[in-house]
Amino acid sequence: MCVDKNALFFTGDTCQTIARGVGFRFEDLTTMFFQLGEQQRKELSARGLRPDDMPKRALVQVPRVNQLSVNYRTHNGILGAASQIVSLLLELFPHSVDALEKDVGHFNGPLPTLLTDTSKDDLSILLCGSDPQHSQIEFGAHQVVLVRDQVRGRLRSAQWRTLSAQWRTLSAQWTLSAQWRTLSAQSRTAEDCEGLAHADSRPRSSCPL
Amino acid sequence: MQADCLPHQAAKERLPAELQSALTLTIFEAKGLEFDDVFLFNFFADSPADERTWRVITSSWARSRDESPTDTAAAARERERASGRERCSERASAADVADEAEGAELSIEAPRPESFDRQRHSLLNEELKMLYTAMTRARVKVVIYDQHEEKRRPLFHYLLVKARAADGH
């Protein structure tokens, strides 16, 4: 498939291998290349050849692994929580992820918020009024609701009022530093190149409702 | 943007008004994308892993290793105490968990730890990766909202004890 077996380039994050039943580690990949190299050496010597006799690009080499340790997407508030989850993975399933240095962001930001008081459905009525037409929306193009699957994630009207009320309360509490905003604006250019930062690049056919 | 996602106009009219401007994606669909704010909805309630599986987290966290730039006094203190028993092969007992969490003044109760069995609890592997993937879609804010109090408790408790999340009440 590829003339120069060593001219392959792989990228990825093993903590994000979420396809069911599919696992992947860079550690396994380097092991595979190492074994291929061993096999090749044996085959060569069986034909009376030494590796030195071969052009370099015809020999299988073990690829170098470069870890990207700066996270340009997000801040340390989120990264800290994410790395805490990676710690659990390393502890419980050490052969399922690559053990890497923790990635670090360029700035600090708000910790993830856990809503622990979700039993009061009446809250929505108190905060939004009973008429959803008159409640203010805080969800825009740069927000996303992530669900497990489209059917079960479907929100009932009452639940949604609770959510948007809580979202609004929380938004008022969050104040981001001027530094964050500046850096965020500057980093847009790089993101634009990746093609990920814009609403236009998001899938358009995935809304269930 | 949402309009063309919908099969027909009638479906759109059935939506609550607030929902009409919200983008709702599954974690699989959101993989590789990024957003300013991520609202994770019923991740635990809709999880294929049961409550006992999630409680494995509680038996494990007392021994997890950690270092990070966004350190806090509470987390550092916790780690210092945890490191003392890092090599201990026994799982954290309920008493350990209660003891460990004491200083943190948490609003949620400590879950009962469940001892880990790699076969029986293998679902937790992909569940944690899913959670990691969901959280890391956000550039600015992550909010986790979940209606299953028992299933969400171990992870909520873990992040709060480690001072890696804020209790939004």
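For this structure, a couple of remarks:
- Burial ordering of B:T53, B:T136, fewest other beta-carbon atoms within 10 Å first: B:T53, B:T136
- Number of partner chain Cβ atoms within 10 Å, mean per residue of B:26-33: 6
- Average other protein chain Cβ within 10 Å of Cβ, residues B:116-129: 4
- Ranking of B:I108, B:I57, A:I85 by neighbouring Cβ atoms within 10 Å, starting from the fewest: B:I108, A:I85, B:I57.
- Charge tally for A:P51 (other residues, Cβ to Cβ under 14 Å; Lys, Arg +1; Asp, Glu -1): +3.
- Peptide A:67-77 - average C-beta neighbours from other chains (10 Å radius): 3
- Net charge of the neighbourhood of A:L79, taken over other residues with C-beta under 10 Å away and scored Lys/Arg +1, Asp/Glu -1, is +2.
- Between the amide H of B:A166 and those of A:T113, A:L114, distances stay under 5 Å, these residues lying 5 or more places away or on another chain, with hydrogens modeled in the peptide plane.
- Leading residue at positive end of dipole, region A:1-117 (Cβ point charges), from A:V86, A:C15, A:L111: A:C15
- 3J(HN,Hα) along region A:26-37, derived from phi through the Karplus expression 6.51 cos²θ - 1.76 cosθ + 1.60 where θ = phi - 60°, amounts to 5, 4, 5, 5, 5, 4, 4, 5, 4, 5, 4, x Hz, with x in place of Gly and Pro.
- Sequentially through region A:12-20, phi angles give Karplus couplings (6.51, -1.76, 1.60; θ = phi - 60°) of x, 10, 5, 6, 10, 7, 9, 5, 4 Hz, Gly and Pro residues having no value and appearing as x.
- Sequence-distant residues sharing a close amide H with A:V104 (under 5 Å, placed H): A:V70, A:N71
Laboratory data are not the source of any read-out in this text; all were calculated from the coordinates shown. If you're wondering where the values come from, they're calculated on a predicted model, not measured in any experiment. Because the Cβ atoms are built from the backbone with ideal geometry, glycine has one as well, and the counts that use them run over all protein chains shown.
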